[in-house]
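Below is one structure, written out as structure tokens, with a few remarks after it.
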Amino acid sequence: MTSQVSYRSLQTIIVEACQRLPDHRSGQNTRYEISDAALGAFGAFFMQSPSFLAYQRDLQQRKECNNAQSLFGVSEIPSNQQIRNLLDPISPSHLGEPFWAILDQSMKDREIEKAFEYDGGWLCSIDGTQYFGSRSIHCAQCTVAHHEDGESYAHTVLITILAKPGKREVLVLEPEFIRPQDGSVKQDCEQKAAQRWIKRNATHFVGRSVTILADDLHCKQPFCQLLLDHQLDFILTCKEKSHSTLYEEVALLEQCGGVSSYQKRVWTGKGHQLWHYRFAERLPMRAPPYALYVNWCELTITREDTGKQVHHSAFVTNRTVSEHTVEHIIEAGRARWKVENEGNNVLKNHGYYLEHNYGHGHHHLAAILVMLILLAFLCHTVLHLCDHNYQRLRAELGARRTFFNDIRALTRYFYFGSWEHLIAFMINGLELAPGQRGPDWQSKTTCARSPASSISASYGGGYLACEPDRDSATGNLWGDIAVRVDQRRPQSLSTACPSATCSTAKAQPYHPSPPCGWPIFGIAGDDMGSLLSDGRRQCLVE
């Protein structure tokens, strides 16, 4: 069954959200739309190219079209500083809804829904991370730390993801920013941010079984009670040094046989390990009275040959713990690390560069840019999960760095009418599969924008086209060339234009009808040089 999720559907959600952003301007200088600034920034993050918009401005000057418009819906391309000025006053809360819209659309695909189900529900991991720090640059949204030698300023965000043990991909959800709150004297913190996130977003999980995963910082009775009040389960890291009452109870129960335990021998591929499980039920989170009672479990892993401990973790949960469930609970609890490994680590070190200062601003700029980075990360993940051609390209090219290097280079020099055309061009260039046949046009095609000039061939398969160029002396547009070429058998082409020659070209279409009216196609084959000998027309080549 064809997936309901595509780049086009994701693009629609992003574009509609950016078009709803409030316009704070009151003067006459409204050349650029607020949506152009937001979509332009999103495009740069999606392409993982800080220079993407600059390249597209150059492309617009050379070819009278650009990929910022065709791929991301940018009407006019603002400068980087104009983007910063336009986005700075806008609260990041205006970009929260696209996260949930993309999630809802993704979960209509049963394969994606199954990919993130664990024990019949979802695992949602939360963790705070800093994305900006400075001793001098600051704004009203910064948190302030006081030191003996001065103050430091920082921006921090609570990242939330859907994860599954054994699955590399994670789905990032709407974040919560840790920043000064109206009416509060005390500084904001990660625990308060987590509580706000639960209160605001718990309604999105109605009708689903969702388990919140978090580290020991959040393993406090008020947070556990808040989760239960919103019909959410929890598996929280529980360290002995911060939960003395609970561990005193564990010690007392162990003396009277109230702590269950068993051991497994596990082969790792390099040697055997001993996995020792312990668990107990109904333990107090804090000293009575008014204590919340939870269930506790622990895993200790040691090497069989040396007895050296290689791992230890312990969790509290509201879920029933038994010999039949403890392994699943601990496996789910250990998936908490995915928010740091597959979430924060990827965002900071693998092309998104979350900690880079793209712009700080005076109000919300740093935060709204983070929202756009996270949306780009979410779209990449969804495409990787549901877009077959995207999966094939990523698998063929290996490292994500190679994939993004390629699309950066292609979109810098060539115009593509859509994301699908860009992906098809790359697939055809890598010869992963035969290209789709072009439409059944006439064997002779004349460009509507320029003097009559065409190449013709007598058999079908695909189309080849040169883009128009202007004569350097007169400024007149030269005629385009559009031909039907058999993709299997190169053959000489005849032309009405004496300056155009090509003997061994095979064509594979990637854009049958660009906005300006002339067809553009990728050239593949033995002759990768210029189609036109006089050099006044440029062919698209691999």
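The values are calculated or read from the model by the stated rules, or taken from the named source; none is laboratory data. Just so you know, these numbers come straight off a predicted model, no measurement behind them. Virtual Cβ from ideal backbone geometry, glycine too; neighbours counted across all protein chains shown.
In table form, for the structure just shown:
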quantity	calculated
Only listed residue being crowded, with 18+ Cβ neighbours inside 10 Å, without any contact (Cβ under 8 Å) to a residue 40 or more places away in the chain, of a type outside the set (S, T, N, Q) and over 21 Å from VAL339 (Cα atoms), chosen from LEU226, LEU246	LEU226
Segments classed as strands (runs of 3 or more DSSP E), wholly inside region 231-329, with at least 1 members that are assigned by TED's automatic domain parsing to the domain that holds GLY207 and within 30 Å of PHE205 (Cα to Cα)	233-237, 272-284, 293-303, 309-317
Contacts under 6 angstrom Cβ, first residue in region 26-46 being among the β-branched types (Val, Ile, Thr), partner buried (at least 24 other Cβ atoms within 10 Å of the Cβ), 6 or more apart	ILE34/LEU86
Flag if VAL266 is surrounded by 13 or more Cβ atoms within 10 Å (Cβ to Cβ), modelled with pLDDT of 95 or more and either among the β-branched types (Val, Ile, Thr) or in contact with a Ser or Thr (Cβ under 6 Å, 6 or more places away or on another chain) (or both)	no
Residue match in region 42-54 (condition: among the polar types (S, T, N, Q), in contact with a helix residue (DSSP H, G or I) (Cβ under 6 Å, 6 or more places away or on another chain) and assigned to a helix (DSSP H, G or I))	no
Residues of region 58-79 classified as crowded, with 17+ Cβ neighbours inside 10 Å and not β-branched (Val, Ile, Thr), total	13
Matching strands (runs of 3 or more DSSP E) fully within region 80-181 where at least 1 residues are buried (at least 23 other Cβ atoms within 10 Å of the Cβ) and of a type outside the set (Asp, Glu)	122-134, 150-163, 176-178
When residues of region 404-452 are limited to those that are closer than 15 Å to LEU393 by Cα and part of a loop (DSSP other than H, G, I, E, B), the one modelled with the lowest pLDDT	GLY435
